[in-house]
1. Only one of these is more than 10 Å from every other protein chain (Cβ to nearest Cβ) and without any contact (Cβ under 8 Å) to a residue 40 or more places away in the chain: B:D261, B:D241. Name it.
2. How many residues are charged (D, E, K, R) and either within 10 Å of chain C (Cβ to nearest Cβ) or in a loop (DSSP other than H, G, I, E, B) (or both) when one looks only at the stretch A:19-75?
3. Only one residue in B:A233, B:A244, B:A253 is more than 16 Å from ligand 3 (Cβ to nearest atom), not aromatic (F, W, Y) and not in a loop (DSSP other than H, G, I, E, B). Which one?
4. Counting only residues that are within 11 Å of another protein chain (Cβ to nearest Cβ) and either outside any helix (DSSP H, G or I) or loosely packed, with under 14 Cβ neighbours inside 10 Å (or both), how many does the stretch C:126-136 have?
5. Picking from A:D114, A:D82, A:D49, which residue would you name as being free of Cβ contacts under 8 Å to residues at least 12 places away in the same chain and surrounded by fewer than 18 Cβ atoms within 10 Å (Cβ to Cβ)?
6. State whether the residues of the stretch A:297-307 include one that is aliphatic (A, V, I, L, M) and within 10 Å of ligand 1 (Cβ to nearest atom).
7. Looking at the stretch C:91-125 only, could you name the residues that are away from every other protein chain (no Cβ under 11 Å) and farther than 29 Å from B:L254 by Cα?
8. Which numbered condition trips up B:K65, out of (1) farther than 22 Å from A:S318 by Cβ; (2) at pLDDT 95 or above; (3) within 14 Å of another protein chain (Cβ to nearest Cβ)?
Amino acid sequence: MERKLLTKDSYRSLITKLIGQNYQVVAPVKKDTMIDFLKISSFDEITEDYIVTVSSAKTVAFPRNEKLFDYEKQNKKLTQQDFDFDSIPQSVLIGVRPCDAFGFHSLSSIFCWDSIDKIYTTRLERTTIIGLSCNKADDYCFCTSAKGSPGSTAGSDILLTKMTDGNYIAEIVTEKGAKLVADFSDLFTADGGADKESLLAKVAANFSVDDVLAKINSKFEDEAFWTEQAMRCIGCGACAYVCPTCACFDIQDESHGGKGHRVRCWDSCGLSLFTLHTSGHNPRENQGQRWRQRLMHKFSYMPDRLNTIGCVGCGRCSRACPVDMNIAEHCMSIIEN
Amino acid sequence: MNNLQQKAQQLLESGNYGLIVGYEKGTSGKARPVFIRKAEHASKLIFDESCDQNIAVYLYRQEIKHNKKKVIVANHHTLKSIVELAAENQVFDGDFMVLAFAENGDIIELNTFEEIEKHVATLYHGLTEAEAAMMKKIEDMSLEDRWAFWENEFSKCIKCYACRASCPMCYCPTCTVEINQPQWISVPSHTLGNLEWHVMRAMHLAGRCVTCGQCGKACPLELPIQLLTYKVALDSKQFFDSVAGTSICADNALAIFKPEDHENFIR
Amino acid sequence: METNNTNSFEPKVVAFVCNWCTYAGADLTGTSRIKYATNVKIIRFPCTGRIDFMLLMKAFANGADGIIISGCHPNDCHYTSGNFHARRRWMIFRNLLDFIGVDVNRIVFSWVSAAEGAKWAEVVNESVDQFRQLGPATSYQKLIKNSEFQEVE
Ligand code: SF4
Ligand code: SF4
Ligand code: SF4
Ligand code: SF4
């Protein structure tokens with residue numbers, strides 16, 4: 001993989017030029033009390049003072065609300081305005097942690113499973129992902145247990161690693177990344193050969209996700225196990241909404257009189273009404289079954305059917321959870337029980 | 001083993017109690033709810049300043065309904081919620097025992113609603129200084145600034161409903177947000193719908209919110225939405241002298257009225 | 001934030017009224033041939049107690065510049081106490097709206113009995129004047145527009 005040097009000044013010019021060229025640049029920004037991915041209009045808005053952002057980078061390809069089409073009914077005549085693909089901007093997503101970047105792989109496997117979700121794929125195609133290796137981690141991070149690492153290039157188009165002098169090692173991972181580097185070739189210079197590994201956060205691998213995969217199917221019918229696991233869970237949507245790989249959505253019509261639009265918005269299998277049938281029957285009637293679904297989906301159904309795991313070990317769900325349902329712990333207890 | 005752990009062990013060993021809901025040490029020094037069924041697990045229990053979560057929400061959980069008599073380790077937020085839940089007939093007298101703590105750390109056993117109510121009367125019911133300061137900061141703003149402040153906050157809400165799920169008073173099996181004929185609250189999380197959701201939530205908690213702040217603590221996006229329910233709680237007190245979580249038989253402020261209720265805006 | 005173009009601006013006003021007093025009162029206004037502002041769309045309810053605060057929210061969300069709510073005087077409720085319940089609700093709701101930055105002068109509350117045809121005309125005229133002074137509910141309209149389609153901020 002080709003390595004280059006991107007000095008901190010060049011990084012600033014790169015971002016400034018991208019904004020100048022009307023790219024939509026999305027970056028971690030400190031807004032009020034938290035740090036999240038937001039559209040920026042100047043380099044100075046960017047912060048690097050985060051382990052991971054509260055919400056995941058998935059919003060760029062899978063926004064929390066997305067208008068699919070408009071409709072209008074007038075004098076019994078229905079007109080429909082389809083999704084305008086031209087409205088999808090060329091984007092550069094920066095400061096994406098390796099776990100998040102890899103999350104797009106899992107997400108894409110769902111959105112391209114049997115039919116291709118064109119809106120999602122177009123958004124992603126028009127996005128160049130500039131990752132940023134982790135130089136710190138916290139008790140929630142477990143990427144190394146989930147096939148990732150603080151310096152993993154998978155999922156990024158370019159991966160930056162910050163050196164002690166404030167400059168960056170730039171690893172050019174994909175063709176898309178190479179194209180961006182070529183477009184701004186004067187900003188990327190010859191690599192000084194710094195040792196990347198020593199710059200990365202240390203994340204202990206406390207378990208192996210393969211062991212979870214091997215074990216979880218045998219636990220499916222152990223109702224008592226899941227009930228116990230989910231005792232604390234209060235059934236909100238926080239974990240799924242912040243997760244980089246959770247793809248559940250709801251389709252809703254929002255209308256005023258004869259005019260309206262159809263919207264796709266996030267949903268979560270943890271919510272009690274998620275599987276409620278019109279008949280009144282709810283196949284997942286308690287939180288244990290819903291929690292089981294969440295874990296089975298990530299560690300059994302996705303590996304089986306999509307050949308990828310549905311968890312990248314970012315720990316976001318556990319940070320966001322109001323009752324500290326720590327997913328890594330739950331994985332370990334699946335292995336141990 | 002400390003007092004609490006010993007007590008818990010005794011209770012479970014006695015065979016009279018089947019489950020203790022309390023706090024244990026969670027990730028990164030955070031406390032989190034725990035469910036103890038075996039005496040040998042009693043040593044997991046903790047109770048210190050980190051245990052500020054309101055865990056009354058578990059008292060009416062389906063999963064623990066079948067359990068033999070329950071025990072709940074309660075901080076002052078949880079205690080007040082229990083009183084309010086009792087007033088609203090969501091929990092039942094004698095169904096569980098409460099372990100509360102005196103200021104010196106001694107364990108207080110509360111077995112009946114009457115005992116709980118009496119104990120709660122000794123607790124402080126207002127906002128903390130920091131909370132009162134937050135309220136004042138907003139109240140002192142101009143109308144335009146207040147609107148801008150909340151518009152910005154509401155724009156962040158992702159409608160995960162963690163605030164609702166963690167509030168002990170939000171126990172409706174089907175919430176208004178899930179009603180779609182008519183669709184009162186839009187499902188997509190845009191700012192207008194979010195504003196309506198939060199106004200609705202606050203209104204439905206008027207006279208019922210015990211100002212525990214749990215909703216705000218639960219929000220992953222850190223919206224200070226507890227201030228909205230604090231507002232209706234403070235107004236309920238000011239207008240109707242009604243403070244939620246103080247009486248096991250009080251009707252909540254918006255369920256009753258007095259002919260002499262006084263306002264100054266109706267023409 | 002709110003612009004004042006009092007000359008041309010005619011506020012859109014929704015009135016939520018109870019069937020037994022104010023609606024009958026408004027009827028009397030008409031049969032007495034008292035003239036009053038035409039900006040108001042009247043929505044009839046069985047009782048003020050049935051006027052959910054969400055309806056007021058929806059009125060604003062659908063572009064109302066002002067709202068009138070009116071029902072039977074205290075002790076005159078057809079259902080004995082609906083208006084007493086409503087009064088409590090409004091007291092809380094009005095302050096909550098103020099707390100989030102909605103100008104509560106955009107909502108007028110009144111008691112108008114079936115015999116008060118003249119009072120209804122007065123309430124409407126005064127309210128419409130008041131709303132005209134306040135101008136269009138631009139902050140709310142901006143919110144409606146921004147919420148049409150929201151992705152990454
Ligand atoms: S399940 Fe949790 S740890 Fe795994 S990818 Fe999703 S948010 Fe991250
Ligand atoms: S695990 Fe936590 S965040 Fe997820 S639904 Fe349960 S309580 Fe909510
Ligand atoms: S917890 Fe926060 S983000 Fe979730 S619905 Fe409540 S206010 Fe919105
Ligand atoms: S609304 Fe918030 S502060 Fe009030 S009782 Fe519920 S969780 Fe506590």
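1. Residue meeting the stated conditions: B:D241.
2. Total satisfying the criteria: 10.
3. B:A233
4. 0
5. A:D114
6. No, there is no match, as no residue in the stretch A:297-307 is aliphatic (A, V, I, L, M) and within 10 Å of ligand 1 (Cβ to nearest atom).
7. C:A115, C:G117, C:A118, C:A121, C:N125
8. (2)
The values are calculated or read from the model by the stated rules, or taken from the named source; none is laboratory data. Worth saying up front: this structure is predicted, and the values here are computed from it rather than measured. Cβ atoms come from the backbone with ideal geometry, glycine included; neighbour counts cover every protein chain shown.
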